[in-house]
Amino acid sequence: MTRKLSPGRLVIASHNEGKVREITALLGPYGMDPVSAGSLGLPEPEETGTTFAENARIKALASATASGLPTLADDSGLEVAALGGRPGVYTADWAERQWFEGKPGRDWYMAMGKVEGLLCELGADVDRRAAFVCTLCLAWPDGETALFEGRVAGGLVWPPRGGHGFGYDPVFQPAGHALTFGEFEPEAKHAISHRADAFRKLVAALA
Ligand code: IMP
């Protein structure tokens, strides 16, 4: 049985305050008080894992042992069936562009184009199935961890469609829907997303 999470402070192993706000909205009603690893000055470990679960575990354990508080970390990305699950843990890296005007940056159109280029090399009738995956890892300071995986299955379209969302949303069409995530209203996406699926599993097990 999964260890229960007591109400109180929960470190979010992220330096992204937007992510912390989103998690506060989801877990606040269960008595959790999320605080970011960034605001506590906790170091960000290198994500050296080859799976979402490994990376989420690395991030969660690093902050839990450094802070002495339970910590939640997530890792997410796109798995493309015909590419053997790539880009997977390298989903964000595929958008990394060369330094431009003195700054590094991410170009999501370049990343979507890279995926499409690889699919095209495999022929016109290539399997276009893909899934967004979100793995959450909750770690306690004594080293115990619990993992929750959320997924949303779908297919990749080209050209990209829609101006909502972020990352690869404009090319991802969830199964059973005619719109891409880029064309979904944000609330509609949040209802069926991989992240929502993972949080539902976490809340069902821990709350
Ligand atoms: P991270 O887990 O925050 O490092 O995210 C990994 C990458 O996966 C993001 O930078 C996005 O490119 C991609 N990704 C994760 N979730 C979504 C999503 O809901 N829509 C589009 N792209 C996503």
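Results, tabulated for the structure shown:
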| item | result |
| --- | --- |
| Residues of segment 158-203: accessible area per residue with a 1.4 Å probe, Å² | 47 |
| Extension reserve of the MET110-VAL203 stretch, reckoned as 0.36 nm per residue once the Cα distance is removed | 29.9 nm |
| Whether the chain is rounded, prolate or oblate, judged on the alpha carbon gyration tensor where a/c under 1.5 counts as rounded | prolate |
| Segment 123-207 - percent of accessible surface contributed by carbon and sulfur, probe 1.4 Å | 58 |
| Exposure of THR51 as accessible area (Å², to 10), given a probe of 1.4 Å and all protein chains | 60 |
| Using a Förster distance of 22 Å, the FRET efficiency for GLU121-TYR90 (Cβ separation, nearest 0.05) | 0.75 |
| Loop-located GluC sites (Glu not before Pro) in segment 99-174, at most 12 other Cβ atoms within 10 Å (DSSP) | GLU101 |
| Candidate residues TRP94, TRP108: accessible-area rank, largest first, probe 1.4 Å | TRP108, TRP94 |
| Simple label model, 7 Å out from Cα along Cβ direction - VAL35 to THR51, nm | 3.3 |
| Area of ASP33 that stays accessible when all protein chains are in place (1.4 Å probe, Å², to 10) | 80 |
| Choice from ALA191, ALA146, ALA56 showing the highest fluctuation, given a GNM over the chain with Cα pairs closer than 10 Å | ALA191 |
| Over segment 55-207, relative contact order from alpha-carbon pairs under 8 Å, at least 6 apart, % | 22 |
| Per-peptide average of other Cβ atoms within 10 Å, ordering 168-177, 59-68 highest first | 59-68, 168-177 |
| Hits among lysines - C-alpha to C-alpha of LYS19 under 25 Å, sequence gap 8 or more where chains match | LYS4, LYS59, LYS103, LYS189, LYS201 |
| Top positive-direction residue, dipole computed over the chain with Cβ charges, set MET110, PHE166, PRO70 | PRO70 |
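The values are calculated or read from the model by the stated rules, or taken from the named source; none is laboratory data. Quantities reported herein were computed from a predicted structural model and do not represent experimental measurements. In this analysis, Cβ positions are derived from the backbone assuming ideal geometry, glycine residues included, and neighbour counts consider all displayed protein chains. With ligands, DNA and RNA removed, areas are computed over all heavy atoms of the protein, side chains included. Shrake-Rupley method; radii C 1.70, N 1.55, O 1.52, S 1.80 Å.
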